[in-house]
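This report refers to the structure that appears directly beneath it.
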Amino acid sequence: MFKTKAILVVAFFNALLVSAVVNAAPPDPVAGKAKAQTCFACHSENGISISPDIPNLAAQPPLSITYQLIQFRGQQRKGGGMEAITMILSDQDIRDIAAYYAELPAPPAKSGNADKIAKGQQIAGAQYCNSCHGPQLQGQKHIARLAGQSPEYLTTQLKNIRSGARIDMDGTMGSAARGLSDEDIEALASYAASLN
Ligand code: HEC
Ligand code: HEC
């Protein structure tokens, strides 16, 4: 039952992606920068956001940014007013903006409590977070970069994914988050933030 639902959700997102790539011009980071002017107030021109509750976008995989913007625009994901902000973006705008942010240098590693970071590293290893998010949690394909991300943002998102308040496109991240305690989540967030 769960599997069937997951497959349907994947089919839904694939359909979205296909509709977003058919007949498309190649992503243009220069055009993307011009289109991202309204984003700079919060995510900054260099992709390092202005406050801990706003995610860094620098060096995020372009497909991850693209999918998230499509989810906000479709109101499947909500938060930070992003649903309203994305309403006016075309598929081409989204691809161009994603190309712009993806090319920027990654956010710097953040220092934190050494015990928490070590605990987070151990949990990440035991839970195979890197099998999807990459060896240094730098993200890949449609899967977000966690390295150098704001720990406050990561904590909120992990709790939202765990509770189901934030939808995830294929159910895999929901399963990964379900067994985590609040303490685990805080340790994982510190560890991810400490990477570059
Ligand atoms: C008023 C501040 C603000 C503005 C302006 C803004 N954002 Fe956001 N953005 C946020 C917040 C806050 C979140 C986190 C939402 C949540 O809690 O889920 C977010 C989330 C995102 C995410 C999800 C990142 C991830 O790792 O999942 C992307 C991508 C994004 N914004 C892109 C943009 C783009 C592109 C623009 C301009 C068109 C933009 N944002 C404008 C505040 C803003
Ligand atoms: C089977 C693959 C897989 C595994 C394993 C996995 N993730 Fe994810 N993760 C994803 C996908 C896919 C998304 C995007 C979900 C969406 O928005 O649809 C995601 C999203 C996230 C986000 C939100 C990022 C953002 O920028 O908003 C965080 C935080 C996260 N994962 C942390 C973790 C941690 C910590 C672990 C290990 C406990 C983990 N993930 C294990 C696939 C995985």
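Summary of computed values
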{"item": "The listed residue being under 30 Å from Gln37 (Cα atoms), away from ligand 1 (no atom under 16 Å from the Cβ) and either buried (at least 16 other Cβ atoms within 10 Å of the Cβ) or of a type in the set (Lys, Arg) (or both), out of Ser150, Ser194", "result": "Ser194"}
{"item": "Top-ranked residue in the stretch 114-147 [being within 9 Å of Tyr191 (Cα to Cα) and not aliphatic (A, V, I, L, M); ranked as surrounded by the most Cβ atoms within 10 Å (Cβ to Cβ)]", "result": "Gly120"}
{"item": "Residue list for the stretch 23-63, filter: hydroxyl-bearing (Ser, Thr, Tyr) and more than 17 Å from Ser150 (Cα to Cα)", "result": "Thr38"}
{"item": "Any hit, the stretch 136-154, residues being more than 12 Å from ligand 2 (Cβ to nearest atom) and over 16 Å from the mean Cα position of the chain (by Cα)", "result": "no"}
{"item": "Test: Val30 is at pLDDT 95 or above, more than 14 Å from ligand 1 (Cβ to nearest atom) and either assigned by TED's automatic domain parsing to the domain that holds Thr156 or exposed (fewer than 14 other Cβ atoms within 10 Å of the Cβ) (or both)", "result": "yes"}
{"item": "Counted residues, the stretch 33-51 - those being near ligand 1 (Cβ under 10 Å from one of its atoms) and not hydroxyl-bearing (Ser, Thr, Tyr)", "result": "10"}
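The values are calculated or read from the model by the stated rules, or taken from the named source; none is laboratory data. Here the structure is a predicted model, which means the values were calculated and not measured. Note: ideal-geometry Cβ built from the backbone for every residue, glycine included; neighbour counts use all protein chains shown.
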